[in-house]
Structures are given as C-alpha cells and as structure tokens.
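A short worksheet on the structure shown next.
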Amino acid sequence: MARTGRRGTGGRGDVTPTPSGRPPGALWYRPKHDSGKARPPRSRRGRQRGFRRFVPHRLQRLFQRKYWWLWVFVIAPCVLILGTMATLVIAYETIGIPDTPPLKQTTYLYDDKGHLITTLFRGEDRTPVPLSEMPKNLIHAVLATEDAGYYHHGAVSPVAIVRAAWADVTHGSYVQGGSTITQQYVKLVYTGSEQSIFRKIKEAIIAIKLEHKYTKNQILEKYLNTVYFGHGAYGVQAAAKTYWGIDAKDLSLVQDATLAGEINAPSLYDAIDHRTAAKQRRNFVLQRMVDTGYITQAKADALAKKPVRTIGDIQRVVPAPYFTEYARRWLVAKYGDAAYDGGLRVQTSLDLNMERDAEQAVRNRLPSKHDPWAALVAIDPRTGQVKAGPRSSWATSTRPSTRIARPEARSRRSPSPLRTTRTSRRTPIGTGRRRSRFPTRSATRPIPPRASTARGRRATTPTNPQAR
C-alpha cells in the first residue's frame, strides 16, 4: 500500500487506492471472519410492521394465534374495565348538581277573616308540606312499593338493578324498575325521561352527589312533594285534596295505599277513571307492605275488600265567583305567571258570610233565570273595601267560574281589594278611606257569566279535585 503525506495530518499519510481495488483506509490484511464475499442484502420479510415494532421481542409471541383465548378472556375485558372506570371517573369530576328549578306552587285566596275562598294554579297543582305532616303509612306504602331498601343502600342500588332486570326477563315485560327514590327524584327535577345510557349515567352521578348534600329524609320529602299523582296533582297534599278533599295528614291507610299505587302510572291506575285497575294496584301495595313488615296479613286482607272511593272529578261552584275572577285578573296583571305558580297567599277584603247573605237575598227575589239579572256590591264606607258582590242566583249556581263586570269608574289612586304575600303568613288589610274600584250602584246590567277561557286557569273551591 502506498501512503502519501499531507500537511495537517500529524505526519500520517492518507491511504490511496491500491491496484487490488481496496477502498481508501482498508486494512492491508484480511480478518478471519471476512471471507471476501459480499454479504447478501437483508430480506425485508423478517421486519415487524405496525405496532409490533414497538413490542418487546419476548412479548411478540403473545400475538400468535394459539394465544387467542388470552386476548378474548383476559386482555380485552381488562382493557374494557379500565376504560369504563376511567370514563366514569372523568364523568364524575365533570358532572355537577344543576341548579334546582323553582317548583310551581298553588296560589291561595282567603277572605278578610282568613277563611279559604279558592286556589289558583295552571298545569301543576302543588302545595309542599314537610315530611312531619305526611302520614307514616303513606311513607311506608311508598317505600314498600318504590324502594324497600331506601334507608339501607346508597343512591344507586346494583342489587335492585339486577333484581328488576331479572323480573322483567321472567315476566316478558316491564314490571319492576331498578331506580332508587333518589334516582327518581333526579329524573323528575334534573335529567328528564330521555331513554339513553348517557342520561342514566348522569342520573346516577347526580344522585350520588345529592346524597352527599342532603339526608335521606330531606330527599324523600322533596320526592313526595314533586311526584305526579294524576289530575294535575303534584305532591301528596295536592293529591289528597284532589281525590278526597282532605289534607294529607288526615289520609287513612287504604287511601295511602291508593296514592302510593298511582306513582308508577297515574293514568293507568287512576282512582277516579279506572277504579278496577286502581283497586288491583292498591292491593298490590298492601301486599308489599305485608312483605316489608309494615302491616299484618290479616289487616291487608281486610282492607283489600274495600272499594276505591273518591270525591270524583266534579266541577264545584266557586264562592263569590265574580269577585274571585276580578281578584285573579288583578293578580295576573300585577304578578304575571306568579299568580298561578308563585305560591302566593292572598288575603282579600271579601266577607264570605256577607257574600252568602247577599246571594240568598238575590235568590229570594229573582229565583228564575228568566228574571232580570241583578247584582249588588257591598262596600265598607270607612275603608272602601268590597265586602260582597253577588249576581243573580241562577248565574252563580250553574257556572264553576265566571266573568266579572268591568267597573265603570276606576281611579288610579284606588286601592287593591287584596293583599299578597309569598309566605304562609297572611297580612291583614288596612287600606284607609279611599274610593272603591267597584261601581257604587246597587243594580247594574253586568256582562253575562261565562267559564274562564284560559286553559288550566280555573279558580275553584278546595273541594274541586281539579283546582284548589
């Protein structure tokens, strides 16, 4: 080999090609492992493609077909479980309790002495009551039917879900639900009844967080004041008034079982329109109370023989219908929708005793509907408050709701015939010496009576099952 010297190489010459064809810098000797033959190019078939390139060599054998069972029964389920758990954790941290919408509450109208005249509501008749004023038998009936282990499990009960699924499969139809009372309350107030897995997940998460915020009794009280019982009645108090005309605390055991049976399907187990189905459902509730230990079998058998009785869906006559209609219009003009669903407690200047006496006086003088129409207005001259305002007897006795004659002279400074408050405490009236909104003539030709044209805006007596 020939070497040539160059500057800057430290006295070492560069290797120049030799006649043998060796490249520059090649060894002048041949190593033992070098046979002198060129190595064949490496085949590409042996190279791993795709994600297998990143798998360690020792684990690549798991991808062979003989290990299919490992993927199907071990690896895939573990990945699915871990993914589901991660998704639930993210959803739990993301989903919070929404703002609770205000519940629609019925408005009450009272006379000057605090006696109830009628109520106003639109769509939802609801009067919330505390859990302490609800009968124990009603609470037991609801728990036995809807969620027997309410006080023993959390917001979500996996056992109840499995039991309900098995009951539905064995019966071939939907016969039992797996939602707890907390989940049902969340469905009524927050999530709605959309049929989707995402809604169920959201419902379960909100239910869990609700039980961290409220006690079991608080959630049960909210549920019983929210659930629908049919005929526009929401909550146990409105339902008791609708079906029997009494307060919830005065319900009997058989009435408690009837109401508890209507929660599942109010239209199907309607105690007014479908008494046979309601009786079967009531007896089922009584048997559930026996199974859960709330009552004895002998007592359930005795109550099961009783028929289903209600006051019926009857339109009742409104005391002082024209004054009530005038009060309703005044409230709507001043408070808007809150006149129906704001839960107002309105004390008016009307005296029910004077109203009855005035109606009787008109009825004695003009008993027939062929007689001339008559109307009178009784006003306290000291305060200008309207104490009575009846019309002809045939008009007031045949119409459940009527139209009031528009006053001929109205002063902007005249006081309202009623006072309102949003609490249960009623404020007495003190208007002073002012002119009345009503005409002072004792007899006029008023507008003929007619039923209220606003849908769902009837103002009727507390005995009316549709609107109290």
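State all residues of segment 268-322 that are under 30 Å from the mean Cα position of the chain (by Cα) and of a type in the set (Phe, Trp, Tyr); if no residue qualifies, say none. Result: Tyr269, Phe284, Tyr294.
Put simply, of Thr242, Thr258 the only residue that is in contact with a Lys or Arg (Cβ under 6 Å, 6 or more places away or on another chain), assigned to a helix (DSSP H, G or I) and touching a residue at least 40 places away in the same chain (Cβ under 8 Å) is Thr258. Taken residue by residue, segment 342-354 has at least one member that is under 31 Å from the mean Cα position of the chain (by Cα), within 17 Å of Phe121 (Cα to Cα), buried (at least 16 other Cβ atoms within 10 Å of the Cβ) and among the β-branched types (Val, Ile, Thr).
In this structure, does Lys187 turn out to be of a type in the set (D, E, K, R), part of a helix (DSSP H, G or I) and modelled with pLDDT of 85 or more? So Lys187 passes the test. Scanning segment 361-370 for residues that are outside any helix (DSSP H, G or I) and either out of contact with any Ser or Thr (no Cβ under 7 Å at 6 or more places or on another chain) or surrounded by 15 or more Cβ atoms within 10 Å (Cβ to Cβ) (or both) yields Leu366, Ser368, Lys369, His370.
Here's the yes/no breakdown for (1) out of contact with any Gly (no Cβ under 6 Å at 6 or more places or on another chain); (2) modelled with pLDDT of 85 or more; (3) not polar (S, T, N, Q):
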{"site": "Leu331", "(1), (2), (3)": "yes, yes, yes"}
{"site": "Gly336", "(1), (2), (3)": "yes, yes, yes"}
{"site": "Tyr340", "(1), (2), (3)": "yes, yes, yes"}
{"site": "Trp373", "(1), (2), (3)": "yes, no, yes"}
{"site": "Ile379", "(1), (2), (3)": "yes, yes, yes"}
{"site": "Pro390", "(1), (2), (3)": "yes, no, yes"}
{"site": "Ala395", "(1), (2), (3)": "yes, no, yes"}
{"site": "Ser401", "(1), (2), (3)": "yes, no, no"}
{"site": "Glu408", "(1), (2), (3)": "yes, no, yes"}
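None of Ala239, Ala265 is more than 14 Å from Asp125 (Cα to Cα) and either outside the structural domain of Gly192 (by TED's automatic domain parsing) or under 16 Å from the mean Cα position of the chain (by Cα) (or both) except Ala265.
The values are calculated or read from the model by the stated rules, or taken from the named source; none is laboratory data. Please read all numbers here as calculations on a predicted model, not as lab measurements. Heads up, the Cβs are rebuilt from the backbone with ideal geometry, glycines too, and the neighbour counts pull from every protein chain shown.
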